[in-house]
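Some notes on the structure that comes next.
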Amino acid sequence: MQSVGDNRCVGSGTLLLSVRDVWPFRSVLLLCLVLFTPFRAFAQSIVLDERDAVLWRQDAVVSGTTMGVSSAVLHRNGEAYPFEAPDGVFEVPIVLEEGVNAIVGCSSDGSVCSDTLVWELGYRIRPELLARAVVSGSTVNLFSEVLENPLGELTYDWIADSQNPELVVLTDNGET
């Protein structure tokens, strides 16, 4: 704050009052009241609590706070996750893609956005399969079940190991 000219103080968010106007019989006295957040009631912000990181799980939760924003959208690599934060606090579950995930929160009208959060999935996404064998005498039946497949359609083949000393005959039961 700096003094300017005739008994005035000027600074960011400064309210100027003359004591002469408030207290009679006083010489000109100036009271400078600095308001640290002069427009807090009108300010809008979205702040993400997390930091940039490598994550080892696809399912994640982004949390943060808002001020002056009750309806917003979390964007992850172009995919939108709308959310409400009427009390100024939010937690949004998201699903990470393979590689880098750029995450930013914006008000519904796009006028206010957070800083960008960068999360990288620390592994390559692969399907999860359950393969099992059922033995009956000299016959072995092989079965498989797809537990999770984030990559779309999945095909596979049963192949006999060429190093196996026993003769193996595979028949197709139509399972793919």
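For region 97-140, the C-alpha radius of gyration sits at 2.44 times the compact-globule guess of 2.2 N^0.38 Å, with N the residue count. Positive end of the dipole of region 101-176 (Cβ unit charges, origin at the Cα centre): among Leu129, Gly105, Thr155, the Cα lying farthest that way belongs to Leu129.
Its Cα gyration tensor gives region 51-174 an equivalent ellipsoid; the semi-axes, largest first and in whole Å, are 49, 14, 11. Distance from the C-alpha centroid of region 54-111 to that of region 132-173: 42 Å, rounded to the whole angstrom.
Readers should treat all values here as calculations from the given coordinates under stated rules, not as data from a laboratory. Because the structure is a prediction, the values reported are computed rather than measured. In this analysis, Cβ positions are derived from the backbone assuming ideal geometry, glycine residues included, and neighbour counts consider all displayed protein chains.
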